[in-house]
Amino acid sequence: MKSAIYPGTFDPMTYGHLDIIKRAANIFDNVVVSVLDNKEKTPLFSVSERVNILKEATKDIPNVSVESFSGLLIDYCKERGIYVIVRGLRAVTDFEYELQMSQMNRKLSDHKVDTVFFNTTLKYSYLSSSSVKQIAQFHGDLKAFVPDFVADLLYERYKNK
Ligand code: PNS
């Protein structure tokens, strides 16, 4: 069985993330999507809200599960016995950060953990969770970027801010 972990902040999940999840699920036997519980950041959605969004969006993909993690990604990989990390690459601007992270993770794991990159589908190449949040704040159209239930959660969240 070949498994992979797709880690991220997912605040919130977008169609860009979902595209990577589906393509990874076509290649790996199991894909664990894992939300980073980062105490230093104040995300719009709590870890459990982000996990629930991902669970709802992936409920029809049988080989995808959703979890959260804290601390170092490679420790979490070791704990789960999974040695492949999946990440999406949108453009060259992502490249430096992603390359540094993958090399660091490989070094920290004694060359046991590798990162596999999926190039983002062109129509999502400019999409990010931050831009989605900005659009939601001003009640812009989110149809092309996130599932409707996520758009509703976003509008609702900004109504009280
Ligand atoms: O969606 P993001 O914010 O680009 O995801 C970044 C993430 C969660 C993959 C990264 O910040 C991470 O793995 N953090 C855990 C801490 C860690 O292992 N850092 C060492 C890697 S250099």
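The values are calculated or read from the model by the stated rules, or taken from the named source; none is laboratory data. It should be emphasised that the depicted structure is a prediction, and the values quoted were computed from it without experimental measurement. Virtual Cβ from ideal backbone geometry, glycine too; neighbours counted across all protein chains shown. These area figures cover heavy atoms from the full protein model, side chains too; ligands, DNA and RNA do not enter into them. Shrake-Rupley method; radii C 1.70, N 1.55, O 1.52, S 1.80 Å.
Of the residues making up the stretch 1-26, those that are open to solvent by 50 Å² or more (accessible area, probe 1.4 Å) and either part of a loop (DSSP other than H, G, I, E, B) or free of Cβ contacts under 8 Å to residues at least 12 places away in the same chain (or both) are MET1, LYS2, THR9, ASN26.
Just one of the listed residues (LEU72, LEU154, LEU142, LEU54) is within 15 Å of the chain's Cα centre (by Cα), of a type outside the set (S, T, N, Q) and at pLDDT 95 or above, namely LEU54.
Looking for something of a type in the set (Asp, Glu) and touching a residue at least 40 places away in the same chain (Cβ under 8 Å) - is there at least one such residue anywhere in the stretch 62-70? No, the stretch 62-70 has no match at all.
Yes/no matrix, rows are residues, columns are (1) closer than 16 Å to THR9 by Cβ; (2) in contact with a Ser or Thr (Cβ under 9 Å, 6 or more places away or on another chain); (3) exposed (fewer than 14 other Cβ atoms within 10 Å of the Cβ); (4) small (Gly, Ala, Ser):
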| position | (1), (2), (3), (4) |
| --- | --- |
| ASN52 | yes, no, no, no |
| THR58 | no, yes, no, no |
| SER68 | yes, yes, no, yes |
| TYR97 | yes, no, yes, no |
| LYS107 | no, no, yes, no |
| PHE118 | no, no, no, no |
| LYS123 | no, no, yes, no |
| SER129 | yes, yes, no, yes |
| ILE135 | no, no, no, no |
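Of all residues in the stretch 102-161, which are hydrophobic (A, V, I, L, M, F, W, C), in a loop (DSSP other than H, G, I, E, B) and either farther than 27 Å from ILE27 by Cα or without any contact (Cβ under 8 Å) to a residue 12 or more places away in the chain (or both)? If the condition is that a residue be hydrophobic (A, V, I, L, M, F, W, C), in a loop (DSSP other than H, G, I, E, B) and either farther than 27 Å from ILE27 by Cα or without any contact (Cβ under 8 Å) to a residue 12 or more places away in the chain (or both), then PHE138, LEU142 are the ones that fit. Looking only at residues in the stretch 34-46 that are away from the ligand (no atom under 11 Å from the Cβ) and under 18 Å from VAL146 (Cα atoms), which one is most open to solvent (accessible area, probe 1.4 Å)? Restricting to residues being away from the ligand (no atom under 11 Å from the Cβ) and under 18 Å from VAL146 (Cα atoms), the top hit is SER46. Please go through the stretch 72-95 and give me each residue that is assigned to a loop (DSSP other than H, G, I, E, B) and surrounded by 18 or more Cβ atoms within 10 Å (Cβ to Cβ), ordered by number. The answer is ILE82, ARG90.
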